[in-house]
Amino acid sequence: MYTLAHLSDPHLGPLPQPKLRELASKRVIGYVNWRRNRVSLHLEEPLARLVDDMLSTTPDHIAVTGDLVNLALKAEIETARQWLGALGPARDVSVIPGNHDAYVPGALGHAWRSWADHMTDDAKPLSAAGERFPFIRRRGPIAVVGTSSAVATGPFMATGSFGPGQAQRLTDCLRGLGKEGLFRVVMVHHPPLSGATGWYKRLVGGSRFRAAVREAGAELVLHGHTHRRSIGWIGHVPVIGVPAASNAGHAHGAGYNLFRIGGEPNAWQVEMIERGLSGPSAPVIEMDRRHLYRDGRIVNEATRDAAGQAAPDLREAR
Ligand SMILES: [Fe+2]
Ligand SMILES: [Fe+2]
């Protein structure tokens, strides 16, 4: 049995005092927004307890699907590098960037250089700019495939982008990994389902992502960005969204997911365990436990309730 943990959107704080020149552009609006709203939503102490809980389950691998920081200031990116180091060795912690990690032009390159040990391919660790994604990391029975939808956008926009070049590379690598008989886990920051989020924060080119997964196949797609738990589908491939790891001050709470993966190619068995906390001082508890079936069912074995009937916040979208 292989255990994969999925954590997303820690939006690590506290926000360092930005230098004046760093507050040019979109960061001015983001800074005001963070001081007004996010500072009370993204809380450090509950995040630390959530991470402790996750590490106590001794996962074999940890997938972090972006938005590690807020305004992509240099000091934030360094804080995130240290935070990643505390999760475990870089070979056991895979990271992709989110829109906040690419907050302004140039930020993504800085984040990539700082977090490169966590987001590079096993075979070509020094990929050329523009072809860094998807990266592939083979670990036991699974292949972690890290894509990037992170782009700098204008004020009040949080869209992602998935271009034709990356879509072709994703199709090719998923085909190859399928032939190897690996359990393919695809990481993407923005939800790749149409209608999964508002237009100003949608994934532009999401149809390309879906086509790649449909044509070449995958076993699991993991995303963040929405800061809420969700289950959707691309064909029969489960698409799982996880709450923001630091979102204890928000109504959706904070959480992470564990996937216990067993079986073999064409007969994989996947149990999904959702753990989290519903408020800043609440304990970290198991929220739900389900099996993901290849025929598209997701069932809570304890209650025999299918997702979508038992939990109204779990949306099903194909
Ligand atoms: Fe986020
Ligand atoms: Fe995001």
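Structural remarks
- Taken along the Cα-to-beta-carbon direction at a fixed 7 Å, the label points for Leu55 and Gln168 span 4.3 nm.
- In order along the range 54-60, the phi-based Karplus estimate (6.51 cos²θ - 1.76 cosθ + 1.60, θ = phi - 60°) of 3J(HN,Hα) comes to 4, 5, 5, 7, 6, x, 6 Hz; Gly and Pro are listed as x.
- Among Asn257, Asn247, Asn33, the largest mean-square fluctuation in a Gaussian network model of the chain (Cα springs under 10 Å) belongs to Asn33.
- For the range 41-76 versus the range 143-199, the inter-centroid distance based on Cα atoms is 21 Å.
- Taking the fewest neighbouring Cβ atoms within 10 Å as the starting point, the ordered list for Tyr103, Tyr200 is Tyr200, Tyr103.
- Spin-label pair Arg294/Ala86, simplified geometry with 7 Å Cα→Cβ offset, distance in nm: 4.1 nm
- GNM on the chain, alpha-carbon springs under 10 angstrom: the most fluctuating residue among Val145, Val204, Val32 is Val32.
- Considering only the range 2-306, percent of DSSP beta bridges that pair antiparallel, nearest 5: 65 percent
- Estimated FRET transfer efficiency when R0 is 51 angstrom, pair Glu180-Asn33 (beta carbons, to 0.05): 0.70
- The chain: calculated mean residue ellipticity at 222 nm from DSSP helix runs of at least 4, using -39500 (n - 2.57): -7000 deg cm²/dmol
- Bridging of Lys26 to lysines at a Cα separation below 21 Å is possible for Lys74, Lys201, once same-chain residues fewer than 8 apart are set aside.
- Highest-MSF residue in the chain out of Ala158, Ala150, Ala86 [GNM, Cα springs under 10 Å]: Ala86
- Stretching His110 away from Gln269 to a fully extended chain increases their span by 53.4 nm, per 0.36 nm per residue minus the current alpha-carbon distance.
- Point-to-point label distance, Ser207-Glu44, nm (Cα→Cβ direction, 7 Å offset): 4.5 nm
- The fewest-to-most ranking of Glu22, Glu264 by surrounding Cβ atoms within 10 Å reads Glu264, Glu22.
- Label point at Ser194 placed 7 Å out along Cα→Cβ; residues across the range 210-239 whose backbone nitrogen lies under 15 Å: 210-212, 214, 233-235
- Look at Glu180, Glu131, Glu219, Glu271 and count the other Cβ atoms within 10 Å of each Cβ; fewest to most, that gives Glu180, Glu131, Glu271, Glu219.
- Here the chain is treated as an ellipsoid with the same Cα gyration tensor; its semi-axes, largest first and in whole Å, are 28, 23, 18.
Every number in this text was worked out from the coordinates using simple rules, so none of it is lab data. Keep in mind that what you see is a predicted model, and the values were worked out from it rather than measured. With ideal geometry, Cβ positions are generated from the backbone for all residues, glycine too; neighbour counts draw on all protein chains shown.
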